Amino acid sequence: MNIKILKDILSANDQIAERNRALLDKHKVFALNVMSSPGAGKTSLILDTIRTLKKRKRVGVIEGDISSTIDAEKVKKERVPVLQINTGGECHLDAAMINRALENMPLEEMDLLFIENVGNLVCPGEFKLGEDRKVLIVSAPEGDDKIYKYPLLFHLADAVVVNKIDLLPYTTFDVDGFSKALKGLNQKARLFRVSCTTHEGIEDWTDWVLSTMRPPKQTSRRQPRP
Ligand SMILES: Nc1nc2c(ncn2[C@@H]2O[C@H](COP(=O)(O)OP(=O)(O)OP(=O)(O)O)[C@@H](O)[C@H]2O)c(=O)[nH]1
Ligand SMILES: [Mg+2]
């Protein structure tokens with residue numbers, strides 16, 4: 001019975017995610033669902049990406065946290081539309097939360113939407129939001145074993161970002177070994193090595209963001225999902 005209830009919740013979530021998807025399609029907004037454990041660098045990567053792409057793309061951000069507006073305040077300083085969702089205890093965002101957020105965002109004025117999920121390497125993987133791509137960040141100090149311990153998100157990701165590479169000399173994180181493990185689990189995921197502190201690797205990352213987005217508005221058609 002419990003399993004049936006969980007299935008019902010997930011299928012209701014998927015239906016709302018499809019509605020989000022249709023709304024984003026209508027406004028030609030490309031959405032990235034950014035996930036990681038707490039503190040791996042979701043907000044830092046979003047901020048660095050905004051600073052790099054701001055002149056070329058109109059960016060908006062939905063911030064998901066259990067509580068506080070700390071991340072939304074940081075994004076607001078970049079003068080882009082931002083909306084904070086406080087889940088009040090839930091360890092992930094769901095499609096209904098995003099649906100309400102989208103109703104309150106100026107979608108006509110946006111090309112690219114970052115959705116920062118709640119810091120968690122497990123639950124966000126179960127809930128589709130209507131996003132175009134899933135981005136997973138793992139940071140060097142967390143350890144390269146996370147791919148074995150929390151495989152679902154690594155399996156689902158379209159891009160995996162190893163962040164805080166400036167700290168690699170002080171950790172045992174083996175990037176080559178991690179890269180091999182990722183290939184074994186998920187052939188399609190692109191791997192990026194970045195530091196949001198030194199900005200190393202950020203250009204490779206933002207080049208991918210631009211290339212995976214649809215062509216500019218007016219002439220554009222949505223690219224198929226991988
Ligand atoms: N050394 C180093 N520190 C970083 C890097 N990226 C982020 N940080 C630091 O890591 C801490 C957490 O970064 P955030 O961007 O807030 O991480 P987050 O994933 O958004 O965290 P939550 O929203 O709390 O889950 C901050 O103190 C950042 O300054 C990096 O590339 N190198
Ligand atoms: Mg954050």
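What follows draws every value from the coordinates through simple rules; no lab data is involved. This one's a predicted model, so the numbers in the text were calculated from it and none came from an experiment. FYI the Cβ positions are ideal-geometry reconstructions off the backbone, even for glycines, and counts take in every protein chain you see.
With respect to the conditions (1) of a type outside the set (Ser, Thr, Tyr); (2) more than 14 Å from ligand 1 (Cβ to nearest atom); (3) farther than 28 Å from Ile147 by Cα; (4) crowded, with 21+ Cβ neighbours inside 10 Å, Asp25 lacks only one, and its number is (4). Contact map, the range 61-72: residues that are under 15 Å from Leu47 (Cβ atoms) and among the small types (Gly, Ala, Ser) paired with residues that are near ligand 2 (Cβ under 10 Å from one of its atoms) and outside any helix (DSSP H, G or I), Cβ distance under 8 Å, separation 6+ or inter-chain. Pairs shown: Ala72/Glu63. Being more than 16 Å from Pro124 (Cα to Cα), among the β-branched types (Val, Ile, Thr), away from ligand 1 (no atom under 13 Å from the Cβ) and touching a residue at least 12 places away in the same chain (Cβ under 8 Å) is a property that holds for Thr52. Checking each residue in the range 74-116 for being away from ligand 1 (no atom under 16 Å from the Cβ), of a type in the set (Asp, Glu) and more than 18 Å from the chain's Cα centre (by Cα) picks out Glu103, Glu108, Glu109.
Evaluation of Glu142 against the conditions (1) within 14 Å of ligand 1 (Cβ to nearest atom); (2) under 14 Å from Asn33 (Cα atoms); (3) not hydrophobic (A, V, I, L, M, F, W, C) shows that the sole unmet condition is (2).
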